[in-house]
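Below is one structure. I have some questions about it.
The values are calculated or read from the model by the stated rules, or taken from the named source; none is laboratory data. Note that the structure is predicted; figures quoted are calculated from it, not measured. Cβ placement follows ideal geometry from the backbone for every residue including glycine, while neighbour counts extend to all protein chains displayed. Protein only, heavy atoms only, side chains kept; ligands, DNA and RNA dropped before computing areas. Shrake-Rupley method; radii C 1.70, N 1.55, O 1.52, S 1.80 Å.
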Amino acid sequence: ALAASVGLYETALDTMGVDKTKSFWKLYVVPGAGHCGGGIATAYPNAFDVMVDWVENGNEPAGLTGSRAAGVDANYPDARTGRSCPYPEVARWNGSDAASPDGKYAGINWADNYTCVPPLDVKIVPETLSLKSRGVFTVFIKVPRDYRMRDWDLQEVTCEGACAKLAFGVGNVYTATFRTRDLQDVKPGKSVTFTLKGKFHKDGKDALVQASDTVRVIK
């Protein structure tokens, strides 16, 4: 069902264009929700009211905030609030342990500690790196077509302990250059997965993000 919903939405984006489609249709994916109810997901009982407000008053929705009672599942015992984002955005934690004013929710269990961000696609060039080399490698970070990297202000970009020496965004692609010798705790092998980490900043809010690519590492 999820794949069908996403496929239909992507078809609409391709056929009618991003702006026109999003002017009347938004897709929200709720992690952990059962097909017809239940599951460990947070519930969004105000979703219909949000839709009515959009249609009748022109208030375009962004992330939706829901809640889940304590004890829903033994593996997830705490009460929490959650954030569901308009596709293709996903909710990412900002790393904060801040609590709600009433103290009921805190850290990863409070929706205000999350920000909706676009997903990242990462490509590392070249595909083979030598740990003895004093050269550089480049990481290309891409977000979906209807986003611009400069609007999101990706900060503090690192790759396996190395900090970017040069970084800039053009359109929906962010380019970061690293020195091979700055990599930490990377061992040679047939293939190594490099994890890139960074922080999105927008509208005064932060979100921690990460993505990876697999390349070959030699001595």
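Quick check for you: with a 1.4 Å probe and neighbouring chains kept, what is the accessible area per residue of segment 52-196, in Å²?
Ligands and nucleic acids excluded, the figure is 55 Å² per residue.
Pick out, from V50, F168, A106, the residue whose Cα sits farthest towards the positive end of the charge dipole of the chain, with +1 on the Cβ of Lys and Arg and -1 on the Cβ of Asp and Glu.
Farthest along the dipole direction, towards plus: F168.
Have a look at S130, S212, W152 and report the one farthest towards the positive end of the charge dipole of the chain, computed about the Cα centre with Cβ charges (Lys/Arg +1, Asp/Glu -1).
After comparing all options, I get S130.
So, counting K/R as plus one and D/E as minus one, what does the shell of residues with Cβ under 14 Å around D19 add up to?
Once all neighbours under 14 Å are counted, the net charge is +2.
How large are Rg and Dmax for segment 64-140 when calculated on the C-alpha trace, in angstrom?
In order Rg, Dmax, the Cα atoms of segment 64-140 give 19.0, 55 Å.
Oh, and also: So how do 21-31, 85-95 stack up, highest first, on mean other-Cβ count within 10 Å?
In decreasing order of mean packing, 21-31, 85-95 become 85-95, 21-31.
While we're here: Just add up the charged neighbours of Y114: K/R +1, D/E -1, any other residue whose Cβ is under 12 Å from the Cβ of Y114.
Local charge sum for Y114: +1.
Here is a follow-up. Spin-label point model (7 Å from Cα, Cβ direction): what's the S191 to T15 distance in nm?
With each label placed 7 Å out from Cα toward Cβ, I get 3.6 nm.
Another question about this same structure. In the chain, how does Rg compare with the Kirkwood Rh, expressed as the Rg/Rh ratio over alpha carbon atoms?
Reported Rg/Rh, Kirkwood definition of Rh: 1.02.
Note the angle between two axes, namely the Cα long axis of helix 2-16 and the longest principal axis of the Cα atoms of the chain, as a number of degrees from 0 to 90, rounded to the nearest 10.
80 degrees
A follow-up question, please. Select from segment 157-217 those trypsin sites (Lys or Arg not before Pro) which occupy a DSSP coil region and have at most 13 other Cβ atoms within 10 Å, ordered by residue number. Please report the intermediate quantities before stating the final value.
On the way: sites: K165, R179, R181, K190, K197, K199, K202, K205, R216; in loops: K165.
Answer by residue number: K165.
Quick check: Cα centre of segment 79-122 to Cα centre of segment 164-219, how many Å?
Taking the Cα centre of each part, segment 79-122 and segment 164-219 sit 23 Å apart.
Give the aspartates and glutamates reachable from K20 as a straight Cα distance under 14 Å; neighbours fewer than 8 places away on the same chain don't count.
Those aspartates and glutamates meeting the cut-off are E10, E60, D146.
On the protein heavy atoms, probe 1.4 angstrom, tell me the percent of accessible surface of segment 1-132 carried by carbon and sulfur.
55 percent
A follow-up question, please. Given Cβ point charges of +1 (Lys, Arg) and -1 (Asp, Glu) and nothing else, what value in debye, to the nearest 20, does the dipole of segment 116-219 about its Cα centre take?
The calculated dipole for segment 116-219 is roughly 480 debye.
Okay, moving on. Have a look at segment 90-193 and give its Rg and Dmax from the Cα atoms, expressed in angstrom.
Values for segment 90-193 (Cα only, Rg and Dmax): 17.2, 55 Å.
At A47 and A99, where each label point lies 7 Å from the Cα along Cα→Cβ, what is the point-to-point distance in nanometres?
3.1 nm
Reachable lysines from K205, Cα under 25 Å, same-chain residues fewer than 8 places away excluded?
By straight Cα distance, K205 reaches K22, K26, K104, K142, K165, K197.
Still on this model: Please give the charge dipole size of the chain, origin at the Cα centre, charges +1 on K and R Cβ atoms and -1 on D and E Cβ atoms. Round to the nearest 20 debye. Write down the numbers at each step before the final one.
Numbers: 26 positive and 25 negative charges, 261 e Å.
About 1260 debye.
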